[in-house]
């Protein structure tokens, strides 16, 4: 059945996403705690938990690399501050945080982790809690990692990002969101996932698997926080680059996976945030994307702070001017009429 954008955004997909006969049953499967933590255990309290977890794809959408088994590890020694990571992600998913008084806005968050793992708390659940408490429905995207043995490793993060936007948009009526107020946010390597979606939201990186894939993958706004952007060795985060496209990529690969070289006029509005003293992902990554996007006429709001380093999230900004960044983001979302 062919569906145009008007049909998809009208809410007429409701029946399509809630009945098993329409092919979405597998991608709507709720992930259990055992699925989410693999074989690892931790004894730190975790005060923030999602309301629901949804797998992105039907069970038969792709072959999982042999031996790949997800595990969650706790990095924090502070019993009051959880800092978990998820690695070896075999079944990408969305962890959903629902507001008691939803405002219709939806934010999808891709955490960082150098394309080696995905950070759970610092670049996921912490921001989810803040946005949820202000009325936003939040989806944390735990995407597949390119060096884990996938047959199309270079494109699996982007495929998962596209699928996440399409699935969220197709579920708009079910989740009580506006399908034209979807914000995609990425931190660090998750910022590269976001920036790739910014410029390649319609790239054919996977074959459609169900009716949700008829929905557009272009988000309505995009946020990149201390993002990995360029594959240029002069400013690239080498670990992310090597895991994504290899240690010795040719010029064609470098260009294709450098979002600042693929900007276009139909990109959504962009919000950038970076600390000038970031010694992991140079601020030049954001500045290059800022300049390139601005030259296309894309609305860009960018904030560069003198101090903050890398990976500050929400909890590592105490006493610094960069601590204001969640309010800057919130106000920008309001100005973009996303709230």
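The values are calculated or read from the model by the stated rules, or taken from the named source; none is laboratory data. The model shown is predicted, which means the values in this text are computed figures rather than measured ones. Cβ atoms come from the backbone with ideal geometry, glycine included; neighbour counts cover every protein chain shown.
Computed quantities for the displayed model
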| item | result |
| --- | --- |
| Meets criteria (closer than 23 Å to residue 52 by Cβ, at pLDDT 95 or above and buried (at least 20 other Cβ atoms within 10 Å of the Cβ)) for residue 106 | yes |
| Residue under evaluation residue 167, criteria (1) surrounded by 22 or more Cβ atoms within 10 Å (Cβ to Cβ); (2) in contact with a strand residue (DSSP E or B) (Cβ under 6 Å, 6 or more places away or on another chain); (3) in contact (Cβ under 8 Å) with a residue 40 or more places away in the chain; (4) over 29 Å from residue 247 (Cα atoms), criterion not met | (2) |
| Selection from segment 311-335 of residues that are in a loop (DSSP other than H, G, I, E, B), surrounded by 18 or more Cβ atoms within 10 Å (Cβ to Cβ) and in contact (Cβ under 8 Å) with a residue 12 or more places away in the chain | 311, 312, 313 |
| Only one of 208, 219 that is assigned to a loop (DSSP other than H, G, I, E, B) and over 21 Å from residue 187 (Cα atoms) | 208 |
| Boolean, residue 172 is more than 24 Å from residue 247 (Cα to Cα), crowded, with 20+ Cβ neighbours inside 10 Å and modelled with pLDDT of 95 or more | yes |
| Residue 95 modelled with pLDDT of 95 or more and either in contact with a strand residue (DSSP E or B) (Cβ under 8 Å, 6 or more places away or on another chain) or surrounded by 15 or more Cβ atoms within 10 Å (Cβ to Cβ) (or both) | yes |
| In segment 98-152, the residues that are over 19 Å from residue 192 (Cα atoms), in contact with a strand residue (DSSP E or B) (Cβ under 8 Å, 6 or more places away or on another chain), free of Cβ contacts under 8 Å to residues at least 60 places away in the same chain and assigned to a loop (DSSP other than H, G, I, E, B) | 99 |
| Residue identified as under 16 Å from the mean Cα position of the chain (by Cα) and either modelled with pLDDT of 95 or more or surrounded by 24 or more Cβ atoms within 10 Å (Cβ to Cβ) (or both) among 130, 141 | 141 |
| Residue 187 touching a residue at least 60 places away in the same chain (Cβ under 8 Å) and crowded, with 24+ Cβ neighbours inside 10 Å | yes |
